[in-house]
Amino acid sequence: MPHSPLPAGDPTQGAKATPMAFIQAIVAAYRRYGRDPAAALARAHIAPQQLADDGARVTAAQMELMSGYAMQELDDEALGWFSRRLPWGSYGMLCRASLTAPNLGLALKRWCRHHRLLTEDIALSLQESEGEAALILEPRRELGEMSEFCQVTCLRYVLGYACWLVDSRIPLRRATFPFAAPAHGAVYPLIFPGPVAFEAGPAALRFDAAYLALPLRRDEAALRQMLARALPLTVLQYRRDRLLVQRVRQVLAAEPESMVTAEAVAARLHLSSRSLHRQLREEGAALQELKDEVRRGRAVELLQRTDRPVKQVARDVGFRNEKSFARAFRQWTGLAPGVFRAGGSGAGEVGGSRP
């Protein structure tokens with residue numbers, strides 16, 4: 001991970017969300033190598049006395065400055081986590097090794113495989129089962145006081161790099177960690193948006209396996225530009241989700257009766273309703289259109305393939321009463337549900353169409 005240029009402006013300005021524990025871990029790396037962290041702390045505008053305040057927090061810019069300077073000064077991109085240094089350019093090498101993969105799944109497998117060439121102190125693996133992908137980190141030796149910082153940073157960096165590769169937010173179904181919730185545990189949902197569980201098996205990030213099929217959207221020129229300032233990947237969240245429309249369809253289809261409001265759909269996807277509407281607009285879609293599409297497809301299927309009463313069909317596709325369902329169905333197809341079921345004019349064409 002190459003050294004980052006200095007962020008513009010005062011690094012102490014902005015939201016202070018990074019726990020002091022992570023700065024303390026970098027200082028521990030200096031102790032391991034018998035070096036003085038004073039210059040790194042000064043570069044990040046962190047007074048030495050602040051280190052004693054376990055509840056203190058710093059800005060993302062301060063963390064970026066401290067990390068980048070320490071990596072360069074210690075010549076260790078792992079910041080003392082492992083039994084040997086990861087020399088300058090180690091993570092850049094992993095990036096280049098995965099850049100030519102045809103899709104994200106293969107890129108992540110390459111990353112995990114090649115990481116073993118750098119160190120055997122941890123093992124990274126990508127597993128897939130029943131539509132869910134899991135990026136798993138397992139220590140192979142005792143990491144001591146570096147354990148939390150190592151596992152959190154390794155997983156967050158790979159997640160940030162993966163999002164960058166496919167130019168898409170990758171929402172997490174769950175992030176798990178083997179250790180007890182730290183005093184600063186409240187910051188974890190900011191680092192790993194979505195459900196977070198402690199004392200829950202190996203450190204792992206779980207997400208929809210459909211993201212593994214996304215093609216890579218970066219080339220060598222883009223990689224060189226990214227590596228000039230790679231550390232923000234571990235802080236900033238991607239706004240765009242290239243599979244958001246597909247994920248909304250899946251939620252609506254799986255839970256039609258309960259997904260009647262934007263708030264309910266957004267909560268299921270671990271978003272705010274405002275973010276949901278904004279991201280859908282960016283993808284050229286709208287929630288109501290997706291609701292209509294899913295409801296229409298489900299209604300057509302039930303009317304054509306079952307003998308359920310129209311009132312029950314209405315409930316099954318998320319309508320509160322038969323009257324509102326019939327009105328919507330006529331708007332979709334030009335026919336009343338009963339007429340459509342009976343094979344009314346145009347029914348066959350409507351049943352096979354998509355908006």
Inset, instruction - Confirm whether S129 is under 18 Å from T153 (Cβ atoms) and either at pLDDT 95 or above or assigned by TED's automatic domain parsing to the domain that holds F192 (or both). - result: no
Inset, instruction - Looking only at segment 231-268, count how many residues are more than 15 Å from S168 (Cα to Cα), at pLDDT 80 or above, surrounded by fewer than 18 Cβ atoms within 10 Å (Cβ to Cβ) and not acidic (D, E). - result: 7
Legend entry - Pair list, Cβ under 7 Å, 6 or more apart: segment 190-202 residue assigned by TED's automatic domain parsing to the domain that holds A180, other residue of a type in the set (D, E) and assigned to a strand (DSSP E or B): P202/E138
Legend entry - Subset of segment 8-35 that is within 24 Å of the chain's Cα centre (by Cα) and assigned to a loop (DSSP other than H, G, I, E, B) - its residue that is modelled with the lowest pLDDT: G14
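Give me a count of the residues in segment 101-128 that are touching a residue at least 12 places away in the same chain (Cβ under 8 Å), surrounded by fewer than 15 Cβ atoms within 10 Å (Cβ to Cβ) and under 23 Å from the mean Cα position of the chain (by Cα). Break it down stepwise before answering.
First, the residues of segment 101-128 that are touching a residue at least 12 places away in the same chain (Cβ under 8 Å): 101-105, 107-112, 114-115, 118-126, 128.
Restricting the remaining residues to those that are surrounded by fewer than 15 Cβ atoms within 10 Å (Cβ to Cβ) gives 102, 120, 128.
With the extra rule that they be under 23 Å from the mean Cα position of the chain (by Cα), the set shrinks to 102, 128.
Selection size over segment 101-128: 2.
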Legend entry - The one condition in (1) surrounded by fewer than 17 Cβ atoms within 10 Å (Cβ to Cβ); (2) over 20 Å from L190 (Cα atoms); (3) touching a residue at least 60 places away in the same chain (Cβ under 8 Å) that L79 fails to fulfil: (1)
Inset, instruction - Go through segment 194-215 residue by residue and tally those that are within 16 Å of the chain's Cα centre (by Cα), in a loop (DSSP other than H, G, I, E, B) and closer than 15 Å to S168 by Cα. - result: 1
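The values are calculated or read from the model by the stated rules, or taken from the named source; none is laboratory data. All values reported here derive from a predicted model rather than from experimental measurement. Positions of Cβ are generated from backbone atoms using ideal geometry, with glycine treated the same way; all protein chains shown enter the neighbour counts.
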